[in-house]
There are 2 protein chains.
Amino acid sequence: MTAVTGTAARVDVNRTGPQPVRATLADGREILFFSAGEPTVPGVDHRDLPPRPAESPTRLRRDPQIGDWVMIAPARQQRTYQPPRAMCPLCPDPDGRSSEIPAADYEVAVFENRFPSLSTAAVGSGFVLPAATGLGIETAGYGRCEVVCFTSDHDGSFARLTAARARLVVDVWAHRTADLLARDGVAEVYCFENRGEEIGVTLAHPHGQIYAYPFRTRRTAGVLGRAAAYRVDTGRNLFEDILAREVDGGERVLVRTEHVTAFVPFAARWPAEVHVYPNRHCRNLTELTDPEADDLARAYLTVLRGYDALYGAPLPYVASWHQYRSAADGSGPAGDEAEGYLHAELFSIRRSADKLKYLAGSESGRDAFVTDKTPEQIAAELRAAIGRSRRLG
Amino acid sequence: MTAVTGTAARVDVNRTGPQPVRATLADGREILFFSAGEPTVPGVDHRDLPPRPAESPTRLRRDPQIGDWVMIAPARQQRTYQPPRAMCPLCPDPDGRSSEIPAADYEVAVFENRFPSLSTAAVGSGFVLPAATGLGIETAGYGRCEVVCFTSDHDGSFARLTAARARLVVDVWAHRTADLLARDGVAEVYCFENRGEEIGVTLAHPHGQIYAYPFRTRRTAGVLGRAAAYRVDTGRNLFEDILAREVDGGERVLVRTEHVTAFVPFAARWPAEVHVYPNRHCRNLTELTDPEADDLARAYLTVLRGYDALYGAPLPYVASWHQYRSAADGSGPAGDEAEGYLHAELFSIRRSADKLKYLAGSESGRDAFVTDKTPEQIAAELRAAIGRSRRLG
């Protein structure tokens, strides 16, 4: 695992994206409002919140056996757990007394998580991740955790957003990626959505999250390691070849447009696993052109609408964006991240209408997955579900 | 990931363990009965089972992005799912008509899984894992999956076994490890127990499983990679140093006997995570002396009894044994596995009396764990629970 520390990264934003209206919550956390239409007018957060802790409330410890960083966040025991609807912290709150979002309404709102796994508190820009050797390595839980509210509609879902709103969310993710990657000590920016009580979601209001990690995660390290080895073996980019092979074969492709391809991967580990790639090699969302971002938002919606049609009920899922650092000047390599390829990986833990996939001994103990559907079966079922969702509308 | 293929490994069994009575089930699968007392007398399996498939019913595909092998086992869709008690396939069946175990009673029974993730069918000893490069790599799901029944008592649990029975199970695991590691094409032998409906266990009768993988799993590859790097850095064994550090500090130690130590690890990722080490560096269960095996069985029981006292209800858990290959002559190194250190890792998904830990975006998408208890809190709670379980008896 290579840790990237203290890098003053610059990320070129090739598109001019939406600029947020910024405000501050009662305890000093930042909130950003993004709009495609009229700018949101923030209200005042009148809540009597305890001040944020002067030190990061979380710690990082390095597992000496495997090298992973573990985030230890005891304050998260107090986090809001399935509140009644009237107390939803993600609904707009014109009075600034009951939710995290002091505004009469909003399009997309982003704020710092009140119960974060990582925090910038007290560490400032001086954070340096300790060296990777030795035992007993512990440090402050530096980083940033953001909540992204996709809509003010409590009963909505990402799948039911309009294409324009989905595109705005893509632009918001790009904005946050550029902003967070540019900060000292941030190694990796991770946009994701957990959806469904079955995977432990504690707030029903449609939202995703962003983690700015101060370390390179094990998955990212593993993928970049494979891509580097593939380059040595073949002289080619791993992900370009994966995409070309899927498009050639076609049997697992779900969506193919001018700019984007969605497919069930050759070695799908999860029920309903789908990967969504731009057709052109980009490192992250900030590199997309306007037409590419439009296509990506639409393809992503198509997959999510197919998800909910698969068993005729909202599908629990994780949507996991893989992004890498652009070169400082937007062209040349950015270390080993130059091989990285922007894409989304979506998967569910629902393996049939009435059964869940559990991670047990082989998966959790050995990282060795067993699946009971072939990727081709998964693709056929999802293709049919996408067809049904299109007919429904 | 280094794949070990076609190795005709020899494993020294330093102790003389129990030898099984062998029999054959109606479809040709092997069943083994182990006893500390009188040998079990197998009956005849009279069931009209379909013959085992001539080819392995499972396939392995290599994930080109990360290098993992994924086991694709569509036949497992038909596996027995929470049968009524009278149809329990793991209860003794004197008539040989209703369960997998044709015997009036048994102590410990081991048989090949009827719905395996890996199978020796049709591949025989000629299996060679394909080279690790390239895309679209697929091969037969070679290997072996065994079910280990710890007791004939349907309503029992591992925690409620006697120390003598727990010791017999340790000996059975050692026997199976030696047998399976010696087979061509087996890279890794993994003994584990999944316990609890909350983690998807489909049969209530107390049992564990053994997977003989034809590949080195990602977790094992990662751990051995760290151990090799640690040897280069320090000239020492990683696990010996981890154990020494835990014993020195003591704040996370739960059980410490002459031969065995159980502790919450420094960077526990899971609720109630406990590691159980022999105090002497052994690669696998076959290397233990009699007193070490006795101590290990007792310490393991102590932890499991503490688990069930933690919230006053059966705790869902995964118990995951880490074993490595002994040198052929029982002394020198066995490749990079010589650095490996036999131990058990136990963990739960229950993070409080009424809440589960779910693996969501950060864990499943990035292998980056967030916990909401410090390892020291976990140790204090488990120490108190072990105390309660001892007073209860």
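The values are calculated or read from the model by the stated rules, or taken from the named source; none is laboratory data. Since we're looking at a predicted model, the values are computed, not measured. As a convention, Cβ positions derive from the backbone with ideal geometry for all residues, glycine included, and neighbour counts pool all protein chains shown.
Determine if the range A:83-93 includes at least one residue that is within 14 Å of another protein chain (Cβ to nearest Cβ), under 25 Å from B:Ser362 (Cβ atoms), buried (at least 20 other Cβ atoms within 10 Å of the Cβ) and at pLDDT 95 or above. No, the range A:83-93 contains no residue that is within 14 Å of another protein chain (Cβ to nearest Cβ), under 25 Å from B:Ser362 (Cβ atoms), buried (at least 20 other Cβ atoms within 10 Å of the Cβ) and at pLDDT 95 or above.
With respect to the conditions (1) within 14 Å of chain A (Cβ to nearest Cβ); (2) surrounded by 14 or more Cβ atoms within 10 Å (Cβ to Cβ), B:Ala131 lacks only one, and its number is (2).
Being over 30 Å from B:Val276 (Cα atoms), assigned by TED's automatic domain parsing to the domain that holds A:Arg165, without any contact (Cβ under 8 Å) to a residue 40 or more places away in the chain and of a type outside the set (A, V, I, L, M, F, W, C) is true for just one of A:Pro84, A:Pro53. Which residue is that?
Working: A:Pro53 fails: without any contact (Cβ under 8 Å) to a residue 40 or more places away in the chain.
Only one candidate qualifies: A:Pro84.
I'm trying to understand the selection: among the residues of the range A:73-108, which are over 28 Å from B:Tyr358 (Cα atoms) and hydroxyl-bearing (Ser, Thr, Tyr)? Scanning the range A:73-108 gives a single hit, A:Tyr106. Apart from one condition, A:Thr289 fits all of (1) polar (S, T, N, Q); (2) under 26 Å from B:Asp63 (Cα atoms); (3) surrounded by fewer than 24 Cβ atoms within 10 Å (Cβ to Cβ); the exception is (2). Checked against (1) in the same structural domain as A:Tyr341 (by TED's automatic domain parsing); (2) within 23 Å of A:Pro291 (Cα to Cα); (3) in contact with a helix residue (DSSP H, G or I) (Cβ under 7 Å, 6 or more places away or on another chain), A:Glu246 passes all but condition (3).
The set of residues in the range B:364-393 being free of Cβ contacts under 8 Å to residues at least 60 places away in the same chain and either touching an Asp or Glu at 6+ places or on another chain (Cβ under 7 Å) or buried (at least 17 other Cβ atoms within 10 Å of the Cβ) (or both) consists of B:Ser364, B:Gly365, B:Arg366, B:Asp367, B:Ala368, B:Val370, B:Asp372, B:Thr374.
Residues satisfying the criterion are present in the range B:122-132 (criterion: under 30 Å from B:Arg218 (Cβ atoms) and either touching a strand residue (DSSP E or B) at 6+ places or on another chain (Cβ under 6 Å) or acidic (Asp, Glu) (or both)). Do you know which residues across the range A:212-241 are surrounded by fewer than 21 Cβ atoms within 10 Å (Cβ to Cβ), not polar (S, T, N, Q) and not in a helix (DSSP H, G or I)? Across the range A:212-241, the qualifying residues are A:Gly235, A:Arg236.
Listed here are the residues, each with its yes/no results for (1) within 23 Å of B:Asn113 (Cα to Cα); (2) within 12 Å of chain A (Cβ to nearest Cβ); (3) touching a Leu at 6+ places or on another chain (Cβ under 9 Å); (4) crowded, with 23+ Cβ neighbours inside 10 Å.
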site	(1), (2), (3), (4)
B:Ala164	no, no, no, no
B:Val189	yes, yes, yes, yes
B:Arg195	yes, yes, yes, yes
B:Ile199	yes, yes, yes, no
B:Leu243	no, yes, no, no
B:Ala262	no, no, yes, yes
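Being facing chain B (nearest Cβ under 9 Å), in contact with a His (Cβ under 8 Å, 6 or more places away or on another chain) and surrounded by 16 or more Cβ atoms within 10 Å (Cβ to Cβ) is a description that does not apply to A:Phe266.
Just one of A:Asp184, A:Asp179 is in a helix (DSSP H, G or I), charged (D, E, K, R), away from every other protein chain (no Cβ under 14 Å) and out of contact with any strand residue (DSSP E or B) (no Cβ under 7 Å at 6 or more places or on another chain); which is it? Lay out the reasoning, then the answer.
Numbers: A:Asp184 fails: in a helix (DSSP H, G or I).
Matching residue, one of A:Asp184, A:Asp179: A:Asp179.
In the range A:68-100, how many residues are among the β-branched types (Val, Ile, Thr) and in contact with an Asp or Glu (Cβ under 7 Å, 6 or more places away or on another chain)?
Of all residues in the range A:68-100, those among the β-branched types (Val, Ile, Thr) come to A:70, A:72, A:80.
Those left that are additionally in contact with an Asp or Glu (Cβ under 7 Å, 6 or more places away or on another chain): A:70.
The number of residues fulfilling the criteria is 1.
This table checks each residue for (1) assigned by TED's automatic domain parsing to the domain that holds A:Ala86; (2) modelled with pLDDT under 95; (3) at negative phi.
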position: A:Ala122; (1), (2), (3): yes, yes, no
position: A:Phe127; (1), (2), (3): yes, yes, yes
position: A:Ala131; (1), (2), (3): yes, yes, yes
position: A:Gly141; (1), (2), (3): yes, yes, yes
position: A:Glu146; (1), (2), (3): yes, no, yes
position: A:Ala159; (1), (2), (3): yes, no, yes
position: A:Leu168; (1), (2), (3): yes, no, yes
position: A:Trp173; (1), (2), (3): yes, no, yes
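Might you let me know whether the range B:146-161 holds any residue that is within 14 Å of chain A (Cβ to nearest Cβ), surrounded by 20 or more Cβ atoms within 10 Å (Cβ to Cβ) and in contact with a Leu (Cβ under 7 Å, 6 or more places away or on another chain)? Yes, that holds for at least one residue. One residue stands out among those in the range B:9-35 that are among the hydrophobic types (A, V, I, L, M, F, W, C) and touching a Leu at 6+ places or on another chain (Cβ under 9 Å): the one that is modelled with the lowest pLDDT, which is B:Ala9.
Kindly provide the set of residues from the range A:216-241 that are more than 8 Å from chain B (Cβ to nearest Cβ) and within 16 Å of the chain's Cα centre (by Cα), ordered by number. Result: A:Arg216, single match. Looking only at the range B:52-59, decide whether some residue is within 14 Å of chain A (Cβ to nearest Cβ), in contact with an Asp or Glu (Cβ under 8 Å, 6 or more places away or on another chain) and either surrounded by fewer than 19 Cβ atoms within 10 Å (Cβ to Cβ) or more than 30 Å from B:Val170 (Cβ to Cβ) (or both). The answer is yes; a qualifying residue exists. Can A:Val276 be described as within 23 Å of A:Gly17 (Cβ to Cβ), away from chain B (no Cβ under 11 Å) and not in a loop (DSSP other than H, G, I, E, B)? Answer is yes for this residue.
Could you check the range A:201-215 and list, in sequence order, the residues that are small (Gly, Ala, Ser) and within 14 Å of chain B (Cβ to nearest Cβ)? Reasoning before the result, please.
The first filter runs over the range A:201-215 and keeps only residues small (Gly, Ala, Ser), leaving A:204, A:208, A:212.
A:Gly208, A:Ala212, listed by residue number.
Every listed requirement among (1) surrounded by fewer than 23 Cβ atoms within 10 Å (Cβ to Cβ); (2) within 18 Å of A:Gly196 (Cβ to Cβ); (3) among the hydroxyl-bearing types (Ser, Thr, Tyr) is met by A:Tyr317 save one, (1).
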